[in-house]
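Enquirer: To start, I am sharing the structure in question, which I have written as structure tokens.
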Amino acid sequence: MDPIVALLIGLVVGIALGALIGWLAGRFLGLSRRAAGAVATDPAVLEAQHLAAVAEIRAQEAQSRGELAAELAAIQATAAGLREQLGIQQSQFTEFVERSRAEQVAQAERERSESKVLQALSPVQETLRTMQQKVTDLESQRNLQHGELSQQLKSATESEERLRSTAESLASALRNNSTRGVWGETQLRNVVQAAGLIERVDFDVQSSITSDAGAGRPDMVIHLPGGKNIAVDAKVPFAAFLEANQIPATAVGEEAARREALIKQHVKVIRGHIDTLASKAYWAGLDASPELVIAFIPSESLVSAAMEADPSIMDYAFSKRVALASPVTLWSVLKTVAFSWQQDVLTEDAKRLFDLGKELYARLSTLSEHADKLRRSIDSTVNSYNQFATSLESRVLVTARKLNALDESKVIGDATHVDLTPKHLTAAELNLDETELPGLESPGPADS
């Protein structure tokens with residue numbers, strides 16, 4: 001038997017016996033007291049009472065023993081149940097301990113496995129940490145850039161508002177004819193200067209022209225190489241176009257019809273300007289001028305809107321000897337004029353260089369004649385000296401040696417002949433006259 005179960009059973013039995021003995025002692029003490037009270041009575045009665053009490057005690061003792069036996073059986077049954085439960089608990093405890101030990105082993109194994117995995121994943125962890133740091137930095141940068149972008153958008157909004165206000169002010173100013181004229185002339189001057197032309201050299205402004213069509217005053221006269229000229233007149237047909245642009249292109253109904261009517265009016269104004277320039281015939285009052293006049297319109301949108309509404313307007317202008325020119329077109333023409341001036345200057349410089357080269361070549365030829373004369377003179381001197389030496393040796397010294405026989409204290413040496421002769425100039429250029437200079441021809445346009 002398990003010591004714990006035995007201890008429990010002994011404890012229960014001891015408690016029961018203690019309670020029974022206490023109860024019997026109390027009964028016995030009560031009977032003894034009643035018997036003591038009856039001592040003064042009859043001894044027989046006392047003995048009978050005593051026997052009765054003893055019998056009663058024995059009966060009670062038997063009853064108590066039966067009860068104790070029943071309780072002991074119940075306790076034993078309880079103890080058996082407890083023992084069975086204790087066995088179950090022990091088996092469960094054993095299973096629990098084994099399971100705990102197995103779980104501890106499994107936990108240790110998992111920890112070892114996790115440790116190995118963590119060791120294997122340490123580079124990945126470091127990479128993830130680095131990536132997390134980068135993500136944090138990127139988020140910080142994004143927040144910073146978002147703030148900067150918000151500030152820039154705010155600045156852009158403010159700039160757009162200022163631009164809108166400026167555009168409205170400009171549109172209001174351009175509704176004035178005098179302001180539009182000044183703006184057109186300013187744009188014309190800017191384009192001419194951007195092309196590289198110089199005022200009062202390559203072009204003149206506000207020149208008066210007189211022809212059969214009457215007096216005229218174009219805004220600018222462009223000077224071309226060779227004494228040719230071409231007139232330029234600036235015009236800004238802006239009013240109808242400005243009103244049309246205030247109506248959205250997506251408008252429908254009456255607004256769309258009104259916008260179309262304004263565009264047609266814009267085309268009509270440009271056609272009227274073409275007719276006016278054609279009637280002035282500026283080319284007739286200019287020397288050697290192409291039979292055309294350039295109508296400068298200082299906005300690409302003005303020209304493109306007219307051509308979109310009326311594709312035949314360009315042919316109409318050509319038929320009137322008028323060339324519609326936007327800033328880009330005019331700049332291209334003026335750049336070509338500037339290039340022509342450069343080529344003309346190069347041609348003049350090349351001609352001047354040719355003349356100087358020809359003059360230098362002629363003078364070199366003259367210098368060669370002088371050198372040849374000097375060579376002939378040197379050659380004649382050498383010949384004369386050689387003749388002198390020959391005469392000295394063959395004539396004079398023969399007689400002198402006869403005199404030497406009379407006085408041998410003095411000796412006359414022999415004369416040395418000069419064998420070297422001056423070198424002839426063999427270059428062909430140094431043997432030709434000025435009129436026979438080879439390779440020198442006047443440069444044509446291709447040579448410049």
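We did not get these values from a lab; they are worked out from the coordinates using the rules stated. Quick caveat, the model's predicted, so the values are computed rather than measured. Every residue, glycine as well, gets a Cβ built from its backbone with ideal geometry; the counts of neighbours run over all protein chains shown.
Enquirer: Starting from the Cα of residue 152, step 7 Å along the direction of its Cβ; do the same at residue 339; then give the gap between the two resulting points in nm.
Expert: Modelled inter-label distance: 3.9 nm.
Enquirer: Then there is this: With point charges of +1 on the Cβ of Lys and Arg and -1 on the Cβ of Asp and Glu, referenced to the Cα centre of the range 121-174, which listed residue (141, 121, 163) lies farthest in the positive direction of the dipole?
Expert: Positive-end residue among those listed: 121.
Enquirer: If I model a spin label at residue 113 and residue 85 as a point 7 Å from the Cα along the Cα→Cβ vector, what separation in nanometres do I get?
Expert: 4.0
Enquirer: Follow-up question, since we're still on this one. Can you list the lysines whose alpha carbon is less than 26 Å from that of residue 402, not counting same-chain residues fewer than 8 positions off?
Expert: 410
Enquirer: Taking θ = phi - 60°, what integer Hz values does the Karplus form 6.51 cos²θ - 1.76 cosθ + 1.60 yield along the range 300-314, in sequence order, with x for Gly and Pro?
Expert: 5, 5, 5, 6, 5, 5, 5, 5, 5, 6, 9, x, 8, 5, 5
Enquirer: Holding the Cα-Cα limit at 32 Å, pick out from 228/320; 280/335; 154/264 the pairs that are longer than that.
Expert: Violating the 32 Å limit, Cα to Cα: 154/264.
Enquirer: Amide H to amide H under 5 Å from residue 209: which residues, 5+ apart in sequence or cross-chain, H placed 1.01 Å off N in plane?
Expert: Here 216, 217 satisfy the definition.
Enquirer: While we're on this one: Hey, got the dipole for the range 179-325? About the Cα centre, +1 on K and R Cβ, -1 on D and E Cβ, debye to the nearest 20?
Expert: So the magnitude is around 160 debye.
Enquirer: With charges set only on the Cβ (+1 for Lys and Arg, -1 for Asp and Glu), what does the dipole of the range 121-174 come to about its Cα centre, in debye to the nearest 20?
Expert: Dipole size: approximately 120 debye.
Enquirer: For the pair residue 104/residue 308, report the inter-label distance in nm, with labels modelled 7 Å from Cα in the Cβ direction.
Expert: Roughly 9.0 nm, to one decimal.
Enquirer: Rg(Cα) of the range 257-403 divided by 2.2 N^0.38 Å?
Expert: Compactness ratio reported: 2.75.
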